[in-house]
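A.B. asks: Have a look at the structure that comes next, please.
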Amino acid sequence: MNDNENRPVTIITGRVWRRKGGKPEGVHVLLVAPDDDSAVRMALDALSREGYAEAEFDQIGDLDGVPDDEPHLSAYQGAIEGEVSIVTFNAPD
């Protein structure tokens, strides 16, 4: 049994930028962390590794269940397996 199975999957929502002053993308980061501060640090580290220059988070919380649709279903599974999963989408204007 994986230690991550005992903790809920956390979702962080916000916006990210590949370069400062560029076009924003919406982002959902799914991960398992011991607390909110650790979750934010882990999310920022993962976004930086993926080449994002800036991030602005709006909300953080725990998912109530398994998502029904892709790409969040795969991201959820990745989080359960210990990954920091990043889902990006076009940010509303």
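Please treat every number below as a calculation from the coordinates, not as lab data. Note that this is a predicted model, so its numbers are computed, not measured. Here Cβ is always computed from backbone atoms with ideal geometry, including for glycine, and neighbour counts include all displayed protein chains.
A.B. asks: Using the alpha-carbon atoms, what tilt in degrees (0 to 90, nearest 10) does helix 36-49 show relative to the longest principal axis of the chain?
C.D. replies: That works out to roughly 50 degrees.
A.B. asks: Which ³J(HN,Hα) values, rounded to whole Hz and listed in residue order, are derived for segment 20-28 from phi using the Karplus coefficients 6.51, -1.76 and 1.60 in 6.51 cos²θ - 1.76 cosθ + 1.60 with θ = phi - 60°, glycine and proline given as x?
C.D. replies: With coefficients 6.51, -1.76 and 1.60, one gets 4, x, x, 7, x, 10, x, 9, 10 Hz.
A.B. asks: Within segment 1-50, list the GluC sites (Glu not before Pro) lying in a DSSP loop whose Cβ has at most 13 other Cβ atoms in a 10 Å radius.
C.D. replies: For GluC sites (Glu not before Pro) across segment 1-50 that sit outside H, G, I, E and B with at most 13 neighbouring Cβ atoms in 10 Å, the list reads 50.
A.B. asks: Report P(r) for the chain: all Cα-Cα distances, bin width 10 Å, range 0 to the bin holding the largest distance, values in whole percent.
C.D. replies: Per 10 Å bin, starting at zero, the Cα-Cα P(r) for the chain comes out as 18, 51, 27, 4, 0 percent.
A.B. asks: Quick check on the chain: helices-only [θ] at 222 nm, where DSSP H runs of length 4 and up contribute -39,500 (n - 2.57) each and the sum goes over total residues. Nearest 500, please.
C.D. replies: Calculated from helices alone, the mean residue ellipticity at 222 nm is -7500 deg cm²/dmol.
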